[in-house]
Amino acid sequence: MRTVELVCSPGLEAAVRAAWDRLAAIGLPSLARNTHPTNRPHLTLASVDAFPPGARERLTALVDAALPVEVRVDRIAVLDGSAPLVWLLHPSPELTALHASVWDVLAEAEGRNPWHEPGRWLPHLSLALRFREADRRLARAVAGIDRPAGAFVAGRSYDGETRTVSPLGGARG
């Protein structure tokens, strides 16, 4: 599996990590407990089995041209499927356009994740995985004490086979 992800500006990343820490401090599920070196706040634009030939270069050019993209955080929600606890994002026209362009580049890729398809995609920053709906109100009170703003400043791709990330344009780091 390969992803196309956007990485948060330092202030937005710090706000998300602070929410992770607040959840963990009261014993709720939290991504703060994931200590893998690739774990950091990000927005997933697409997930496919593998990039088609030439896609990496085209994706890097798209990200370089589009970033930074400003973002506003909305409410906390529990999504269907694996029940992640997330901070929903207001999709700006710039973010929506970048998302659609990424999917155009990956049109021939096999194993496209339908959750990320234009029209179905809910832009969000994950706070916890396998979250119980019964804990949502407490999580909102603890994690959602503010609605931070920021930007996406870099792109990256996660390789599910090697569990590594590689840059896809924007600021490196």
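The values are calculated or read from the model by the stated rules, or taken from the named source; none is laboratory data. Keep in mind that this is a model prediction, so the values were computed, not measured. Don't worry about glycine lacking a Cβ; one is built from the backbone with ideal geometry, like all the others, and counts go over all protein chains shown. Just so you know, the surface numbers come from the protein's heavy atoms only, side chains and all, with ligands and any DNA or RNA stripped out. Shrake-Rupley method; radii C 1.70, N 1.55, O 1.52, S 1.80 Å.
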Query raised in the report: Scanning for something without any contact (Cβ under 8 Å) to a residue 60 or more places away in the chain and either in a helix (DSSP H, G or I) or buried (at least 21 other Cβ atoms within 10 Å of the Cβ) (or both), does segment 28-42 turn up at least one residue?
Result: yes
Query raised in the report: Which of the residues belonging to segment 155-169 are more than 10 Å from THR3 (Cβ to Cβ), assigned to a strand (DSSP E or B) and open to solvent by 20 Å² or more (accessible area, probe 1.4 Å)?
Result: THR164, SER166, PRO167
Query raised in the report: Out of LEU127, LEU138, which single residue is under 24 Å from LEU67 (Cβ atoms) and of a type outside the set (Lys, Arg)?
Result: LEU127
Query raised in the report: In segment 138-154, is there at least one residue being outside any loop (DSSP other than H, G, I, E, B), touching a strand residue (DSSP E or B) at 6+ places or on another chain (Cβ under 6 Å) and more than 22 Å from ALA15 (Cβ to Cβ)?
Result: no
Query raised in the report: For segment 68-123, which residues satisfy the criterion of being under 24 Å from PRO10 (Cβ atoms), part of a helix (DSSP H, G or I) and aliphatic (A, V, I, L, M)?
Result: LEU95, LEU98, VAL102
Query raised in the report: Name the residues in segment 1-27 that are in contact (Cβ under 8 Å) with a residue 24 or more places away in the chain, assigned to a loop (DSSP other than H, G, I, E, B) and over 20 Å from LEU89 (Cα atoms), would you?
Result: MET1, ILE26
Requested in this report: Please enumerate the residues belonging to segment 35-47 that are over 15 Å from the mean Cα position of the chain (by Cα) and not hydroxyl-bearing (Ser, Thr, Tyr).
Outcome: HIS36, PRO37
Query raised in the report: Are there any pairs, at least 6 apart or on different chains, whose C-beta atoms fall under 6 Å, with the first in segment 69-94 and open to solvent by 30 Å² or more (accessible area, probe 1.4 Å) and the second modelled with pLDDT of 95 or more and part of a loop (DSSP other than H, G, I, E, B), and if so, which?
Result: PRO91/PRO123
